[in-house]
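Undergrad: Have a look at the structure that comes next, please.
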Amino acid sequence: MRKIKRFKITLREREILNRLMRELPLLRRAGFQSQPEVSAFILSVFKQIDPGVVYEFNQDAHWELDDQSILHKEMFSACAVTLGNQLTAFLESLPNDDKRTAAITVILEFLKTAILFVVDLIKEQAQKEECETLDLQFVYIPPFGAAGAPKMLREAVRLEKTVADKALPSILPHLKSEKIDVSLTDDGRLLPPYTTVFFVPWQKAKKKGKK
C-alpha cells in the first residue's frame, strides 16, 4: 500500500542551537553576533521547510531495480522524504557562503527529524503486522558540502553508488514521487535538493520463548 502525506516536524530549537554553537568560528564568519541571533536564524530556516513523504510496503515482490534484482528483500518499505521546494531560494538569498553552510547544517538536522518521523510511522505499521523493522539502508542522501551532518546521515548504511544510480530511476516511479514534487535530474541528483530515498527492511517479530 502506497502512502503519501505532508507532515509537520518538531523544531528542536535547543538541540540544534547547541549543535550550531559548537561551530563558533563558522558562526562568527557568517556574521552572527549573539546566541539569540542564531536562534532566530534556526527559526527562519524552519519556516522554509515543507516536509513530504511517499512510502510503499512490499512483500515478496521483485522490483526490477537492477539487472540482478539484488535489491530484492522479502519485506521492506521504500521511502522518499523531502523538505520541499522553498529551501533553494532561501539559501540563495543568504549573503555569504558561511551563512549558507550554517543553514545547511540546520537543514540536515531537520532532514534527520523528518526521516525519524517516517521511520516511526513504519515501525508502528510493522508492529501491527507482528513484524519488526531493521536498520535503514539509504539509496540517496543529499551532499553535505562543508556543512556538519548529523551522525545518522554521516554514518548511514548506503547502497553501493553504481547500484544506487541504477536503482533510483526505478524506485521513484514505483513510489510515484511526483506526488510530493520529487524528481531525478539527468546527472543523478534529486530535486528538491534536500530529499532522501531509503529502504526500511522488515522481518517477522521473534516470539519470546516460554519460561
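Undergrad: Which residues, taken from the stretch 175-184, are crowded, with 17+ Cβ neighbours inside 10 Å and not small (G, A, S)?
TA: Result: L175, I180, V182, L184.
Undergrad: If you check A156 against the conditions, is it surrounded by fewer than 21 Cβ atoms within 10 Å (Cβ to Cβ) and closer than 30 Å to N18 by Cβ?
TA: yes
Undergrad: Could you tell me whether K123 is touching a strand residue (DSSP E or B) at 6+ places or on another chain (Cβ under 6 Å), charged (D, E, K, R) and either closer than 20 Å to M75 by Cβ or buried (at least 19 other Cβ atoms within 10 Å of the Cβ) (or both)?
TA: Criteria met by K123.
Undergrad: Would you pick out the residues in the stretch 71-119 that are open to solvent by less than 40 Å² (accessible area, probe 1.4 Å) and β-branched (V, I, T)?
TA: If the condition is that a residue be open to solvent by less than 40 Å² (accessible area, probe 1.4 Å) and β-branched (V, I, T), then V81, T82, T101, I104, T105, V106, I107, T113, I115, V118, V119 are the ones that fit.
Undergrad: When the stretch 1-45 is examined, which residues are found to be assigned to a helix (DSSP H, G or I), charged (D, E, K, R) and open to solvent by 80 Å² or more (accessible area, probe 1.4 Å)? So that I can check it myself, show each step before the final result.
TA: Initial filter on the stretch 1-45 (assigned to a helix (DSSP H, G or I)): 13-20, 24-30, 35-45.
Now narrow it down to the ones that are charged (D, E, K, R): 13-15, 19, 28-29, 37.
Correct list: R14, E15, R28, R29.
Undergrad: Here are the criteria: (1) more than 24 Å from A80 (Cα to Cα); (2) polar (S, T, N, Q); (3) open to solvent by 40 Å² or more (accessible area, probe 1.4 Å). Tell me which single one Q48 does not satisfy.
TA: Going through the list (1) more than 24 Å from A80 (Cα to Cα); (2) polar (S, T, N, Q); (3) open to solvent by 40 Å² or more (accessible area, probe 1.4 Å), Q48 breaks only (1).
The values are calculated or read from the model by the stated rules, or taken from the named source; none is laboratory data. Just so it is clear, the model here is predicted, and its values are computed rather than measured. In this analysis, Cβ positions are derived from the backbone assuming ideal geometry, glycine residues included, and neighbour counts consider all displayed protein chains. For the accessible areas, the whole protein counts, side chains as well, though only heavy atoms, and no ligand, DNA or RNA atoms are used. Shrake-Rupley method; radii C 1.70, N 1.55, O 1.52, S 1.80 Å.
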